[in-house]
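Below is one structure; the comments refer to it alone.
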Amino acid sequence: MDRNWARLGETLKAARSERGMEQQDVAGRIGVKRGALRNIERGAIVKVTPTVLAYARLVGWAEDSVERVLGGGAPVLREDSGPNQAVVPEPAAEASDLSIRVRQALKEGPLIDSRVTEVTTPSGRVKATIVVRGEEGTPADQLLAVLRSLKIDVTMEGS
């Protein structure tokens, strides 16, 4: 069976656009650079990667939708694929070093926003991932106002 990677990219891009999402936002939410996302959307890939699957989850596709689209079919939307549905990878190899408490917190409440930021220091790079979740029923603007006033004190263990 021929797999149509360009079709997969076009379909993901269309799903992203339908949700009003920018490439940069999607890239940040799934933890990749914009160029990687651009390669997926152009069909310049040759295998299904965790990044492709995270992109599909972000736009609300059911688990087997990537394979369906590669084979010429249409994606199937998850029942829980509303616009604020979070993309939280299942605890896999890349998330296995997170504590159980952190993995659970990543699943609680509606997603307000998420960002991955990389900072270059004189001795190397540091990545910070920020996931903002709210409490059911609390307006997003109230949560964001509180978040904007938040100051985070970062300390390293053993420092």
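Quick notes on this structure:
- Residue 7 being modelled with pLDDT of 90 or more, in a helix (DSSP H, G or I), of a type in the set (D, E, K, R) and under 29 Å from residue 119 (Cα atoms): no
- Residue list for segment 49-64, restricted to those being touching a Lys or Arg at 6+ places or on another chain (Cβ under 9 Å) and not basic (Lys, Arg): 54, 55, 58, 59, 60, 61, 62, 63
- Of the residues making up segment 32-48, those that are within 22 Å of residue 127 (Cα to Cα), open to solvent by less than 40 Å² (accessible area, probe 1.4 Å) and either in contact (Cβ under 8 Å) with a residue 24 or more places away in the chain or not small (Gly, Ala, Ser) (or both) are 32, 37.
- Residues of segment 64-95 that are open to solvent by less than 70 Å² (accessible area, probe 1.4 Å), modelled with pLDDT under 70 and assigned to a loop (DSSP other than H, G, I, E, B): 81, 82, 85, 86, 87, 88, 89, 91, 92.
- Count - residues of segment 21-31 that are open to solvent by 30 Å² or more (accessible area, probe 1.4 Å) and without any contact (Cβ under 8 Å) to a residue 24 or more places away in the chain: 3
- As a summary of the residue check, residue 109 satisfies the conditions (1) at positive phi; (2) modelled with pLDDT of 80 or more except for the one numbered (2).
- Positions within segment 49-63 being open to solvent by 30 Å² or more (accessible area, probe 1.4 Å) and outside any helix (DSSP H, G or I), in sequence order: 49, 63
The values are calculated or read from the model by the stated rules, or taken from the named source; none is laboratory data. These figures come from a predicted structure and were not determined experimentally. Here the Cβ is made from the backbone with ideal geometry for all residues, glycine too, and neighbour counts use every protein chain on show. Quick note on the areas: whole protein, heavy atoms, side chains included, nothing else; ligands and nucleic acids left out. Shrake-Rupley method; radii C 1.70, N 1.55, O 1.52, S 1.80 Å.
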